[in-house]
Amino acid sequence: MTQQKSTLSKDFLNSIKEDLLIRKEKLKKQLASFAEKDPNQEDNYNSDFPEFGDKEDENAAEVAAFEGNLSLEDTLEQSIEMINKALKKIDLGVYGLCEKCGETINEERLKIMPTATKCVPGHGCLKLHKK
Ligand SMILES: [Zn+2]
């Protein structure tokens, strides 16, 4: 990765930062609806084990719901993690730089997907920027 400076304007970065913080709050609310916040680790949550009843089918349903919660918890936590990384990059002044080729990622793409770390989804940018 090259040490290029981002060409994104301060205004753009500010609006992205705002957007990221709003997205993070939404994810946290979603997580809090079925999981407990981990007091020892920031932005980590532990899924609640649901209580439907003591019958066998109810127990089976509890396990199924819990597994569903766990995978949703995972997805949401990963999203928060990506947002935290993006916020850190803004602070460091390297936000919006493609992790593959170091080019500044297209602004339109960042608006839609502010946690994007590559200029093209997948490894496509490798082909685009290969010398
Ligand atoms: Zn790239």
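Some points to look at:
- Averaging the sequence gap over all C-alpha pairs within less than 8 Å and six or more residues apart, then dividing by the number of residues, gives the chain a relative contact order of 29 percent.
- For S33 and K5, a Förster radius of 41 Å and the Cβ-Cβ distance give a FRET efficiency of 0.50, rounded to the nearest 0.05.
- Based on every Cα atom in region 10-94, Rg and the maximum pairwise Cα distance Dmax equal 16.8, 59 Å.
- Theoretical gain in end-to-end length, E99 to K17 [0.36 nm per residue, Cα-Cα removed]: 27.6 nm
- The trypsin sites (Lys or Arg not before Pro) of region 1-96 meeting both criteria, a DSSP state outside H, G, I, E and B (loop) and at most 15 other C-beta atoms within 10 angstrom of the site's C-beta, are K5, K55.
- Two-site label geometry, Q78 and D43: point separation in nm, points 7 Å out along Cα→Cβ: 1.5
- Folded to 0 to 90 degrees: helix 56-92 orientation relative to the chain principal axis, Cα: 20
- Helix-only [θ]222 nm of the chain, DSSP H runs n ≥ 4, -39500 (n - 2.57) each, per residue, nearest 500: -18500 deg cm²/dmol
Read the figures in this text as sums done on the coordinates, not as results from a lab. Remember, predicted model here, so these are calculated numbers, not experimental data. Cβ atoms come from the backbone with ideal geometry, glycine included; neighbour counts cover every protein chain shown.
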